Amino acid sequence: MRQVYLDYSATTPVKEEVVQEMIPYYTERYGNPSSLYSAGLAAKDGLEQARERVAELIGADPGEIRFTSCGTEADNWVLQGVSDALRNKGNHIITSRIEHHAILHTCEYLQKHGFEVTYLDVDSEGVVSPEKLAEAIQDNTILVSIMMANNEVGSIEPIKELAAVAKSRGVLFHTDAVQALGNVPIDVKELGVDFLSMSAHKIYGPKGVGALYIRKGAAIHNFLHGGAQEAKKRAGTENMAGIAGFGKAAELSGKNLDAHIEHSRKLRDYFWQRIRENITGVQLNGPVLAARRHPGNLNVSFDYIEGEAILLMLDANGISVSTGSACSSKSLAPSHVLDALGVPITKMNGTVRFTVGDFTTKEDIDYVVDVLTKIVERLRELSPVTGQEGW
């Protein structure tokens, strides 16, 4: 059976060059980078090389990069670390209704501990308005956190404009760039952000390693306490193999960024064209303009059928997709992102997220559309509500 992977926003396969970069840290360079003897110093050199590579990808200084275990940890570190550091200044945080649960659930936690959180609405394409942000900032606002690219519908937010609004009011600004990294150009200095979260496994690197950009001088307390690793900001022996892999993945991502965006966008647009030509009753969720959408993202609602049924039948044909974000795929609750966009519950239920990447081919798309067309026809034949009003 042919295998087609179309869930690159959930995770990406690790590229061979990345694997080769990691292996020596399991077999030869296994020293602890905190040790002062030669084996430790060799590991330390690899650690700093990776830091430089990640920094270069986002236009940061190497000293502003702190490695974490994942993007979720980076998000938690910012929200909790800034809240602790600025508790005496204020207790108000602003975010959006379409953030990843790493942000939303941490905000819920902070609300239980005396913080006030404003959740900004988005427009029908999932975009946050700088004007709405300006209206929401209060005298006690200490942090704004808006994601750069949405993980479900691919909306790319106007981060530069949003950060400028926050800066004009003396408020720190964080962006969760886990989905954006390697898919849109990022320059933290140009964007004007204070914090930026990243994860290796979204850019063809290993799972279990991420990073947080912390602008020099930005107020934030440590999240993990213990040893003196990561300039005494994040304790714990570094995951050297993972960090080395992240560094290599960042280097490859920077070199291939333009080609990757063009490849993904062309295939994504071709995919949507083929779906519209072969299947009726479909709706694209999120931005219409390619420039405002993650290049590999295609979020589609199919009338009269359940997204889970489509997913399972595609899987039976060797095709991997998602009905939402991978982190909430086992939840039966409707998508909070689609709800924020105003998508009716009936269309939410029939939604599938397809995401293409570097290893996707045109032949893969043709195969998927052929299979998908038959699946949709079959499911609609079985649906008791096909064509009825109110579905």
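The values are calculated or read from the model by the stated rules, or taken from the named source; none is laboratory data. Just so it is clear, the structure is predicted and the values come from calculations on it, not from any experiment. Cβ atoms come from the backbone with ideal geometry, glycine included; neighbour counts cover every protein chain shown. We work out accessible area using only protein heavy atoms, side chains counted, and drop any ligands, DNA or RNA first. Shrake-Rupley method; radii C 1.70, N 1.55, O 1.52, S 1.80 Å.
Just a few scattered comments:
- Listed by first and then second residue, the pairs with beta-carbon distance under 7 Å, at least 6 apart or on different chains, first residue in region 357-376 and under 13 Å from Leu314 (Cα atoms), second among the charged types (D, E, K, R) and buried (at least 16 other Cβ atoms within 10 Å of the Cβ), are Ile365/Arg274; Val369/Arg274.
- Some residue of region 147-154 being touching a Gly at 6+ places or on another chain (Cβ under 8 Å) and in a helix (DSSP H, G or I): no
- The lone exception for Asp258 - which of (1) farther than 30 Å from Gly40 by Cβ; (2) of a type outside the set (A, V, I, L, M); (3) in contact (Cβ under 8 Å) with a residue 40 or more places away in the chain it fails: (3)
- Test set (1) open to solvent by 30 Å² or more (accessible area, probe 1.4 Å); (2) in contact with a Phe, Trp or Tyr (Cβ under 6 Å, 6 or more places away or on another chain) - Ala200 fails condition number: (1)
- Yes/no for Val4 being buried (at least 20 other Cβ atoms within 10 Å of the Cβ) and more than 30 Å from Leu133 (Cβ to Cβ): yes
- Pairs meeting the criteria (first residue in region 197-220 and over 30 Å from Ser264 (Cα atoms), second residue surrounded by fewer than 18 Cβ atoms within 10 Å (Cβ to Cβ) and not acidic (Asp, Glu), beta carbons under 7 Å, at least 6 apart or on different chains) are Ala219/Ala85; Ile220/Ala85.
Yes/no per residue for (1) small (Gly, Ala, Ser); (2) in a loop (DSSP other than H, G, I, E, B); (3) in contact (Cβ under 8 Å) with a residue 60 or more places away in the chain:
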| residue | (1), (2), (3) |
| --- | --- |
| Arg2 | no, yes, yes |
| Ser9 | yes, yes, yes |
| Val19 | no, no, yes |
| Tyr26 | no, no, yes |
| Gly31 | yes, yes, no |
| Leu36 | no, yes, no |
| Ala39 | yes, no, no |
| Ala42 | yes, no, no |
